[in-house]
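Chemist: Pasting a structure below so you can have a look.
No lab work stands behind these numbers, since they all come straight from the coordinates. As the structure is a computational prediction, the values presented were derived from the model and not from experiment. We place every Cβ from the backbone using ideal geometry, glycine too, and count neighbours over all the protein chains shown.
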Amino acid sequence: MGHDVTVFRPYPFEVGQKIRIENSRRAGDWEIAAVGEHTVTLRCPISKKEFEWNKFCYLISEEKNTAWPRD
């Protein structure tokens, strides 16, 4: 008997990519500053501060021609 299965895969980040995280303690607009084997470094586009975290994001949707960063 088959089952409905939801599959999650880590997102393949690329340096320079502009992203928006929603519904998370890391919510906001970020730029990918560095990508390691197990970590990703995010840069705030306003303050330019950088934070390195274990990889955590999964792709939900991609938006074309949208404002970034948000006001």
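Chemist: Around Glu63, under 14 Å between beta carbons, what's the net of Lys plus Arg minus Asp minus Glu among the other residues?
Modeler: Taking every other residue near Glu63 into account, the sum is +1.
Chemist: May I ask you to evaluate 6.51 cos²θ - 1.76 cosθ + 1.60, the Karplus curve with θ = phi - 60°, for each residue of segment 10-22 and list the ³J(HN,Hα) values in order in whole Hz, giving x for glycine and proline?
Modeler: For segment 10-22, the Karplus-derived couplings read x, 6, x, 4, 10, 4, x, 5, 9, 10, 10, 9, 10 Hz, x marking Gly and Pro.
Chemist: If you consider only alpha-carbon coordinates, what radius of gyration and Dmax does the chain have, in Å?
Modeler: Cα only, the chain: 14.0, 53 Å (Rg, Dmax).
Chemist: Another question, then. Is there a quick way to get the dipole size of the chain? I mean about its Cα centre, with the Cβ of Lys and Arg at +1 and of Asp and Glu at -1; what is the value in debye to the nearest 20?
Modeler: Computed charge dipole of the chain: roughly 180 debye.
Chemist: Return the FRET efficiency for the residue pair Arg70, Arg9: r is the Cβ-Cβ distance, R0 is 35 Å, and the value is rounded to the nearest 0.05.
Modeler: Efficiency for this residue pair is about 0.85.
Chemist: Hey, another quick one. Please list, ordered by chain and number, the residues whose modelled amide H lies under 5 Å from the amide H of Gln17; skip anything fewer than 5 residues away on the same chain.
Modeler: Ile32
Chemist: Still on this structure, I have one more. Trypsin sites (Lys or Arg not before Pro) within the chain: which are DSSP loop residues with at most 14 other Cβ atoms inside 10 Å?
Modeler: Hits after loop and neighbour filter: Arg25, Arg26, Lys48, Lys49, Lys64, Arg70.
Chemist: Along the charge dipole of the chain, pointing to its positive end and built from +1/-1 on Cβ of Lys, Arg, Asp and Glu, which listed residue (Phe13, Ser61, Ala27) has its Cα farthest out?
Modeler: Ala27
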